[in-house]
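Below: one structure, written as structure tokens.
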Amino acid sequence: MEEATPIVKFTAVRKRYGAGPLVLDGLDLAVAAGDFVSLIGPSGCGKSTVLKLVSGLNPVSEGGLAVLGTRPKQARDRQAFIFQDATLLPWLTAQANAELPLRLRGVAAAERHTRAAEALARVGLEKNRDYYPRQLSGGMKMRVSIARAMTLSPELLLLDEPFGALDEMTRNRLNEELLQLRERQKFTALFVTHSVSEAVFLSNRIVVMAAHPGRIHAEVAVDFPYPRDQALREQPEFQAKVTEVSRLLHQVEEAP
């Protein structure tokens, strides 16, 4: 049987900014439909740059990159990007912030209101739709950001350390909620994190990157079945996988 076309395919990609040093060198990576791939590695290894290339925010310097069967910029309408900061407009309510990408795409007011309200309900904010960002906790702001992305029904979701600034309890809860959303909406995900346990909990594949220049050091398969919940974190197999990935991280951090 012929293999399906990857959702994202990097082929010998190199990236540098202007005349600066290489940020990425020789990146080969294929992401299949339904994958949840986490990128992890030391600062400066180009994790966030990978997402920017996929989103079309930055071009590759050399090599090939196909996203959803086309060039990254041509695939923008079929993907969504969630940043570390919730990036909410302070003068808009949660409802209006969630509606914003639909408004920018010219979706009719009634439809965008319904879609945004449904997305906020899925992340548990149906009672907070009229709150302004200043009235929301850090976790609630990130839920609005996730809801905003979900209104677009993305085929590909890019997440750049979205939970990095949150406390561990909130982070774990949002990890679980993100996987619940994925069960409903069936998106493919590329996720950047510095947390090994977060990567293991969320992913079916973890790409460990080395720095200077950024490159793939190793890839780890995570075979725990979905759906996943809090109980997984307490299993010895989970801790063993965390240890495996941590050892690979130590290798790249100790390399000259």
VAL208 - would you say it is modelled with pLDDT of 95 or more, in contact with a strand residue (DSSP E or B) (Cβ under 8 Å, 6 or more places away or on another chain) and either within 26 Å of LEU22 (Cα to Cα) or of a type outside the set (A, V, I, L, M) (or both)? yes
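Restrict the check to segment 41-61 and report whether at least one residue is of a type in the set (A, V, I, L, M, F, W, C), assigned to a strand (DSSP E or B) and crowded, with 17+ Cβ neighbours inside 10 Å.
Within segment 41-61, not a single residue is of a type in the set (A, V, I, L, M, F, W, C), assigned to a strand (DSSP E or B) and crowded, with 17+ Cβ neighbours inside 10 Å.
Could you list, in sequence order, the residues of segment 113-134 that are outside any loop (DSSP other than H, G, I, E, B) and basic (Lys, Arg)?
Residues of segment 113-134 that are outside any loop (DSSP other than H, G, I, E, B), as a first pass: 113-122, 126-128, 133-134.
Within segment 113-134, ARG115, ARG122, LYS127, ARG134 qualify.
Which residue out of THR5, THR70 is free of Cβ contacts under 8 Å to residues at least 24 places away in the same chain, out of contact with any Pro (no Cβ under 7 Å at 6 or more places or on another chain), surrounded by fewer than 22 Cβ atoms within 10 Å (Cβ to Cβ) and polar (S, T, N, Q)?
Being free of Cβ contacts under 8 Å to residues at least 24 places away in the same chain, out of contact with any Pro (no Cβ under 7 Å at 6 or more places or on another chain), surrounded by fewer than 22 Cβ atoms within 10 Å (Cβ to Cβ) and polar (S, T, N, Q) holds for just one of THR5, THR70, which is THR70.
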Where PHE81 falls short, out of the listed (1) within 25 Å of VAL200 (Cβ to Cβ); (2) not in a strand (DSSP E or B): (2)
Under 26 Å from VAL245 (Cα atoms), touching a residue at least 24 places away in the same chain (Cβ under 8 Å) and surrounded by 16 or more Cβ atoms within 10 Å (Cβ to Cβ) - does that describe any residue in segment 142-152? no
Restricting to strands (runs of 3 or more DSSP E) lying wholly in segment 145-256: which have 1 or more residues that are closer than 30 Å to LEU102 by Cβ and among the small types (Gly, Ala, Ser)? 188-192
Would you mention how many residues in segment 1-40 are touching a Ser or Thr at 6+ places or on another chain (Cβ under 9 Å), in a loop (DSSP other than H, G, I, E, B) and within 20 Å of ALA75 (Cα to Cα)? 5
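Listed here are the residues, each with its yes/no results for (1) at pLDDT below 95; (2) charged (D, E, K, R).
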site	(1), (2)
ASP85	yes, yes
TRP91	no, no
ARG103	yes, yes
ALA110	no, no
THR114	no, no
LEU125	yes, no
GLN135	no, no
Could you go through segment 83-101 and let me know if any residue there is touching a Pro at 6+ places or on another chain (Cβ under 9 Å), closer than 17 Å to PRO154 by Cα, buried (at least 18 other Cβ atoms within 10 Å of the Cβ) and touching a residue at least 60 places away in the same chain (Cβ under 8 Å). no
How many residues of segment 149-167 are charged (D, E, K, R) and out of contact with any Ser or Thr (no Cβ under 9 Å at 6 or more places or on another chain)? The answer is 1
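The values are calculated or read from the model by the stated rules, or taken from the named source; none is laboratory data. What you are looking at is a predicted structure, and each value in this text was computed from that prediction instead of being measured. All Cβ positions, glycine included, derive from the backbone under ideal geometry; neighbour counts span all protein chains shown.
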